[in-house]
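Q: Let me begin by handing over the structure; questions about it come next.
The values are calculated or read from the model by the stated rules, or taken from the named source; none is laboratory data. Here the structure is a predicted model, which is why all the values come from computation and not from measurement. Here the Cβ is made from the backbone with ideal geometry for all residues, glycine too, and neighbour counts use every protein chain on show.
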Amino acid sequence: MAIFNWQDDYSVDIKEIDDQHKELVAMINDLYGAMVKRRPQEVLGEILNQLSNYCAVHFAAEEALMQAHAYPYYQEHKAIHDKVSAKVHALQNGFKAGKTSLTIEISMFLKDWLDKHILGTDQKYAAFLRAKGVK
């Protein structure tokens with residue numbers, strides 16, 4: 001069951017980043033599907049851990065590309081990544097401590113954030129990188 005469907009509009013035309021974005025979409029869909037199917041908390045926690053870890057990998061890859069090509073808005077973009085990372089870690093820690101429940105609203109937050117991030121800030125750095133020949 002999908003909450004987030006990949007569309008061509010999401011492509012930044014940089015294969016590595018598009019592949020990572022597609023993986024994040026799949027993980028958000030996995031988390032949503034597990035919630036809808038009322039899978040055990042251990043399953044939800046594992047998917048959340050995978051999502052959190054993969055966000056770190058993805059953000060590091062984007063940031064490395066931006067730094068390598070002297071993207072002028074690197075610090076602003078990194079600050080957005082840091083804020084989302086902190087929110088995901090807080091969610092993960094709250095879940096582990098039994099203080100936070102994973103809800104459909106959380107899946108919607110993740111989906112909406114990724115949707116807006118790819119279509120907004122990621123398209124800006126992608127245009128800059130493509131102009132420098134990055135594919």
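Q: For ALA61, indicate whether it is at pLDDT 95 or above, within 13 Å of the chain's Cα centre (by Cα) and in a helix (DSSP H, G or I).
A: The answer is yes for ALA61.
Q: Considering only residues that are of a type in the set (Val, Ile, Thr) and at pLDDT 90 or above, look in the stretch 89-131 and name the one that is farthest from the chain's Cα centre (by Cα).
A: Restricting to residues being of a type in the set (Val, Ile, Thr) and at pLDDT 90 or above, the top hit is THR121.
Q: I'd like the residue in the stretch 3-15 that is free of Cβ contacts under 8 Å to residues at least 60 places away in the same chain and surrounded by fewer than 15 Cβ atoms within 10 Å (Cβ to Cβ) and, out of all such residues, is nearest to MET66 (Cα to Cα).
A: Among them, the one singled out is ASP8.
Q: Let me ask something else. Cβ contacts < 9 Å: first residue among the β-branched types (Val, Ile, Thr), restricted to the stretch 104-127; second residue outside any helix (DSSP H, G or I), any location; separation 6+ or different chain. Result?
A: Here the result reads ILE104/ILE3; ILE106/THR100; ILE118/SER11; ILE118/VAL12; THR121/TYR73, each pair linking the stretch 104-127 to a residue that is outside any helix (DSSP H, G or I).
Q: Does TYR32 qualify as being surrounded by fewer than 18 Cβ atoms within 10 Å (Cβ to Cβ) and of a type in the set (Phe, Trp, Tyr)?
A: no
Q: Now a separate question. Can you tell me which residues in the stretch 35-74 are surrounded by 20 or more Cβ atoms within 10 Å (Cβ to Cβ) and either without any contact (Cβ under 8 Å) to a residue 12 or more places away in the chain or not hydrophobic (A, V, I, L, M, F, W, C) (or both)?
A: GLU62, TYR71
Q: Additional query: In this structure, does ALA70 turn out to be among the small types (Gly, Ala, Ser), part of a helix (DSSP H, G or I), more than 14 Å from TRP113 (Cβ to Cβ) and at pLDDT 95 or above?
A: no
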